[in-house]
Amino acid sequence: MNITCPCCHAKYSLDAALEGEAAGELQVILAQAGPLSRPLVAYLGMFRSKSRALSFDRAVKLARDVLELGADPRALAAALGETVEALRQKRDAGQVKPLTNHNYLKRVLESVADRAGHLPESAPADSREIAPAPRGKRAQGMQALEEWGRE
């Protein structure tokens, strides 16, 4: 069965794309990640350069590394979203270097955990919302994902 890429509109065989062991493994990881899968995929895209694709083997390793951070899924989803938004803004400004490690994500995850830790759990949900309203569609989507995860 042939499918069309939504980004570049190239046609390729779905059977051939899923034939590789790493491709199937990445699908399993993303399926098990549940609501984290979309922000994780966006984050993985930050590791590829503008002119090259990310191999399935590297994507599997990176995805495992992220999920092994052992963070709360809601905090990790928020950190992934903030990281992707910040890096996309930098790329739009002309800085196009791909990520090489997870250090930036770890720092963002720490700041997300710190912000969440400053407010008591007994506070109403509205007062725990300390992030400004998202401006872009991606940020709005990430916020909707976070709210969905809280439910």
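Name the residues in the range 11-27 that are assigned to a helix (DSSP H, G or I) and modelled with pLDDT under 80, would you?
Within the range 11-27, the subset assigned to a helix (DSSP H, G or I) is 14-19, 21-27.
Passing the criteria: Leu14, Asp15, Ala16, Ala17, Leu18, Glu19.
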**Asked** Does the range 49-69 contain at least one residue that is surrounded by 11 or more Cβ atoms within 10 Å (Cβ to Cβ), aromatic (Phe, Trp, Tyr) and more than 18 Å from Asn101 (Cβ to Cβ)?
**Response** yes
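Is it the case that Ala78 is surrounded by 15 or more Cβ atoms within 10 Å (Cβ to Cβ), under 16 Å from Arg107 (Cα atoms) and within 14 Å of the chain's Cα centre (by Cα)?
On the way: surrounded by 15 or more Cβ atoms within 10 Å (Cβ to Cβ): yes; under 16 Å from Arg107 (Cα atoms): yes; within 14 Å of the chain's Cα centre (by Cα): yes.
Here the answer is yes, as Ala78 does meet what is asked.
Select, from Arg88, Arg138, the only residue that is within 22 Å of Gly34 (Cβ to Cβ), of a type in the set (D, E, K, R), in contact with a Lys or Arg (Cβ under 8 Å, 6 or more places away or on another chain) and modelled with pLDDT of 70 or more.
Values: Arg88 fails: within 22 Å of Gly34 (Cβ to Cβ).
The match here is Arg138.
Before we move on, is Ser55 closer than 23 Å to Ala23 by Cβ and either in contact with an Asp or Glu (Cβ under 9 Å, 6 or more places away or on another chain) or of a type in the set (Ser, Thr, Tyr) (or both)? Reasoning before the result, please.
Numbers: closer than 23 Å to Ala23 by Cβ: yes; either in contact with an Asp or Glu (Cβ under 9 Å, 6 or more places away or on another chain) or of a type in the set (Ser, Thr, Tyr) (or both): yes.
Against the criterion (closer than 23 Å to Ala23 by Cβ and either in contact with an Asp or Glu (Cβ under 9 Å, 6 or more places away or on another chain) or of a type in the set (Ser, Thr, Tyr) (or both)), Ser55 qualifies.
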**Every pair of residues 6+ apart whose Cβ atoms lie under 7 Å, when the first sits in the range 69-84 and is more than 13 Å from Gln140 (Cα to Cα) while the second is of a type outside the set (Asp, Glu) and not in a helix (DSSP H, G or I)** = Leu76/Leu69
**Complete:** The number of residues in the range 55-72 that are at pLDDT 85 or above and touching a helix residue (DSSP H, G or I) at 6+ places or on another chain (Cβ under 8 Å) is 12
**Request:** Can you tell me which residue within the range 50-65, out of those that are part of a loop (DSSP other than H, G, I, E, B) and touching a residue at least 12 places away in the same chain (Cβ under 8 Å), is nearest to Gly94 (Cα to Cα)?
**Result:** Lys50
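Being buried (at least 17 other Cβ atoms within 10 Å of the Cβ) and either modelled with pLDDT under 85 or out of contact with any Asp or Glu (no Cβ under 6 Å at 6 or more places or on another chain) (or both) is true for just one of Pro98, Pro39. Which residue is that?
Numbers: Pro98 fails: buried (at least 17 other Cβ atoms within 10 Å of the Cβ).
Step by step, each of Pro98, Pro39 is checked, and only Pro39 is buried (at least 17 other Cβ atoms within 10 Å of the Cβ) and either modelled with pLDDT under 85 or out of contact with any Asp or Glu (no Cβ under 6 Å at 6 or more places or on another chain) (or both).
Hey, could you check the range 21-36 for residues that are surrounded by 15 or more Cβ atoms within 10 Å (Cβ to Cβ) and of a type in the set (A, V, I, L, M, F, W, C) and say which is nearest to the chain's Cα centre (by Cα)?
As a first pass, look at the range 21-36 and keep what is surrounded by 15 or more Cβ atoms within 10 Å (Cβ to Cβ): 23, 25-26, 29-30, 33, 36.
Applying the additional criterion that residues be of a type in the set (A, V, I, L, M, F, W, C) yields 23, 26, 29-30, 33, 36.
Working: Ala23: 18, Leu26: 14, Ile29: 13, Leu30: 11, Ala33: 11, Leu36: 7 Å.
The extreme case among them is Leu36.
The values are calculated or read from the model by the stated rules, or taken from the named source; none is laboratory data. Bear in mind the structure is a predicted one, so any value in this text is a computation, not a measurement. For neighbour counting, all protein chains shown are included, and Cβ atoms are generated from backbone atoms with ideal geometry for every residue, glycine included.
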